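What follows is a set of notes on a single structure, which appears directly below.
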Amino acid sequence: MTRNRSDEWRELGMAVELGTDERKIVHGVRHLVRVDRLKAVKGFKGFTRLGGKEIVPPDIAGESDWLPAIELYGEGIFLALDEERLKEWEQTPAVVLRLNRLLPRFTQSGRDDPNPLTTRFMLLHTLSHLLMRQIESEGGYPAASLIERIYCANAPEPMAGILIHVAVPDIAGSLGGLAELSEPRRFLGILIRTLEHSRWCSLDPVCSEHEGQGPGLLNRAACHACALVPEPACEYGNTLLDRGFVKDDAANGLPSFFGMT
């Protein structure tokens, strides 16, 4: 059960009291959707051992023809970035160069998700983490109870969306507090403060200038003090994060996506 609030969001962008920076932020988000109720089915296909790619099934003896699964119910917020602005941003030379410095380590890691690794994904994933941290402080939801879902694809069917939701086994779901944060003015405030917090870290300048940190050195400007979330909340093991793709870096010619005109 969803409620599309994109029209209200665009109307907010025309409000006379908004400044130039706030308008840019509104125009950077194409769709905003309130998800009042969702159902997720999670199945356990198996696991891989450290350094191996073979999936070991949950029934190691191989006698069962079914997989364990659980139904979860919850609520959330979905947003999609503006595709035209995103295309312009991801073609910026400084943005491409920043990703290219990370690609060799991603290749050496042997990981195949996401495939391919793009600046679009890095932006979405980092923004998702920063939003979850901000929602934790403003909405009262512990970050460990939040779950991210990144919708990312390039041509011919481009996608650039983030779903942040909660999911619990109780069929009654949750209490609606997370979905309520999708009210356009309230969400704009959350997004503004998220972007403000992306500009600094208590471990800066060390964090911002890192060429590689975290597992496999697959993070750049992202650490426990600024961008990491509890492991259950992240689909990618708290890797492939970089605040540099969210905040601007004038010294290196790196533009902020939300600062593009």
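The table below gives the values:
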read-out	value
Strands (runs of 3 or more DSSP E) contained in segment 1-92 and holding at least 3 residues modelled with pLDDT of 90 or more and more than 30 Å from residue 194 (Cβ to Cβ)	69-81
Residue selected from segment 6-47 under the condition in contact with a strand residue (DSSP E or B) (Cβ under 9 Å, 6 or more places away or on another chain) and β-branched (Val, Ile, Thr), by the criterion farthest from residue 175 (Cα to Cα)	29
Selection count, segment 211-237, where residues are assigned to a loop (DSSP other than H, G, I, E, B), over 16 Å from residue 197 (Cα atoms) and not small (Gly, Ala, Ser)	7
Selection within segment 238-257 - at pLDDT below 90, outside any loop (DSSP other than H, G, I, E, B) and either crowded, with 20+ Cβ neighbours inside 10 Å or of a type in the set (D, E, K, R) (or both)	249
Pick from segment 163-210, criterion acidic (Asp, Glu) and either under 21 Å from the mean Cα position of the chain (by Cα) or part of a helix (DSSP H, G or I) (or both), ranking: nearest to residue 97 (Cα to Cα)	196
Qualifying residue in segment 104-124 (condition: part of a loop (DSSP other than H, G, I, E, B), touching a helix residue (DSSP H, G or I) at 6+ places or on another chain (Cβ under 8 Å) and either aliphatic (A, V, I, L, M) or surrounded by fewer than 14 Cβ atoms within 10 Å (Cβ to Cβ) (or both))	yes
Residue within segment 137-148 that is modelled with pLDDT of 90 or more, in a loop (DSSP other than H, G, I, E, B) and touching a strand residue (DSSP E or B) at 6+ places or on another chain (Cβ under 9 Å) present	no
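The values are calculated or read from the model by the stated rules, or taken from the named source; none is laboratory data. The structure presented is a predicted model; accordingly, all values stated were derived computationally and were not measured. Cβ sites come from the backbone with ideal geometry, for glycine too, and all protein chains shown count toward neighbours.
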